[in-house]
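Below is one structure; the comments refer to it alone.
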Amino acid sequence: MNYLTHNGHELMTKNKLQAAVQAYLKSMDRQLLEGKFKLKLFKKSIIAKIKELNQEHSRCKPIEPYWWETDKNDFKLMGVGFSTYYIYHSKNRY
């Protein structure tokens, strides 16, 4: 199974933490993930990086991200209200 990451629309950020998370998600846009193992590692790395950014910007309200799985085996990053970030399941093998 292959997956494609997509950074959707973005809203104006309110603080340095949100700006840092948004920049990170932008840098991780349109990544191709091959297999469930890489998907699992990628999802963990996104959450870990956001938690790291929470610590770097400790004066800002912390962001508490989590993944929501849709009925089509897609994933959406939740808890990040200023940006939409998806991992789409691909039916085709590339």
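The values are calculated or read from the model by the stated rules, or taken from the named source; none is laboratory data. Every value quoted in this text rests on a predicted model; they were computed, and no experiment measured them. Using ideal geometry, Cβ is built from the backbone for each residue, glycine included, and neighbour counts are taken over all protein chains shown.
Computed values, structure above
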item: Scope the stretch 4-46; condition outside any helix (DSSP H, G or I), out of contact with any Lys or Arg (no Cβ under 8 Å at 6 or more places or on another chain) and buried (at least 18 other Cβ atoms within 10 Å of the Cβ); matching residues; result: Leu33
item: Selection count, the stretch 49-83, where residues are surrounded by 11 or more Cβ atoms within 10 Å (Cβ to Cβ) and assigned to a loop (DSSP other than H, G, I, E, B); result: 13
item: Search result, residues across the stretch 17-35 that are farther than 26 Å from Asn73 by Cα and touching a helix residue (DSSP H, G or I) at 6+ places or on another chain (Cβ under 9 Å); result: Leu17, Ala20
item: Any hit, the stretch 4-14, residues being modelled with pLDDT of 95 or more and among the basic types (Lys, Arg); result: yes
